Amino acid sequence: MKLGFDGIGPFAFLDWFRDEWLVSQRACRFFLIAVPFVLALTPIFFGWVTVTRVTLWMQFVGGVLGVLGPIAVFFLWLGMWRYWMKLDRSKGPVKRVWFVIMLIGFWYGSILYYFFVYRPQVRSLD
């Protein structure tokens with residue numbers, strides 16, 4: 001057991017994503033599964049959902065989305081940032097553009113990054 005101070009600081013949570021796991025096909029699938037959860041939360045984030053006469057089924061779906069959605073948002077967002085910081089093989093100007101997209105676009109920028117940078121690079125490793 002390692003008892004150092006390596007995991008302390010503002011970016012310590014990014015150490016949850018190990019580099020070898022981040023480039024695995026399993027990680028690629030998990031990020032892909034997170035995308036629909038993030039997109040399903042969009043109407044809720046913008047207040048487009050009204051709750052009147054909700055069926056039991058809709059309550060169940062809302063509960064599942066309410067639990068798994070925020071987890072998926074941060075999982076995708078932090079995972080794409082970790083990949084961008086440590087493993088992205090893009091050229092400097094391209095990396096800077098993706099930095100701005102992910103910074104301004106939050107998790108929506110991370111969805112774009114997943115499809116246009118992360119996924120093609122991870123699939124090329126096979």
Give the number of residues within region 100-112 that are of a type in the set (Phe, Trp, Tyr) and over 14 Å from the mean Cα position of the chain (by Cα).
0
Taking the condition outside any loop (DSSP other than H, G, I, E, B), at pLDDT below 85 and closer than 21 Å to Val117 by Cβ, does Leu39 pass?
no
Take the conditions in a helix (DSSP H, G or I), buried (at least 16 other Cβ atoms within 10 Å of the Cβ) and either at positive phi or not hydroxyl-bearing (Ser, Thr, Tyr) (or both) and apply them to Phe75. Does it pass?
yes
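Would it be correct to say that Leu87 is surrounded by 11 or more Cβ atoms within 10 Å (Cβ to Cβ) and either among the basic types (Lys, Arg) or in contact with a Ser or Thr (Cβ under 7 Å, 6 or more places away or on another chain) (or both)?
no
Quick grid of which residues meet (1) out of contact with any Leu (no Cβ under 8 Å at 6 or more places or on another chain); (2) among the acidic types (Asp, Glu); (3) more than 30 Å from Asp19 (Cβ to Cβ); (4) part of a helix (DSSP H, G or I):
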residue: Val51; (1), (2), (3), (4): yes, no, yes, no
residue: Leu65; (1), (2), (3), (4): no, no, yes, yes
residue: Ile71; (1), (2), (3), (4): yes, no, no, yes
residue: Gly79; (1), (2), (3), (4): no, no, no, yes
residue: Asp88; (1), (2), (3), (4): yes, yes, no, no
Using beta carbons and a limit of 8 Å, which pairs, at least six apart or on different chains, have the first residue in region 85-104 and touching a residue at least 40 places away in the same chain (Cβ under 8 Å) and the second one part of a loop (DSSP other than H, G, I, E, B)?
Leu87/Val23
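The values are calculated or read from the model by the stated rules, or taken from the named source; none is laboratory data. Given the structure is predicted, the values throughout are model-derived calculations rather than measurements. Positions of Cβ are backbone-derived with ideal geometry, glycine not excepted, and every protein chain shown enters the neighbour counts.
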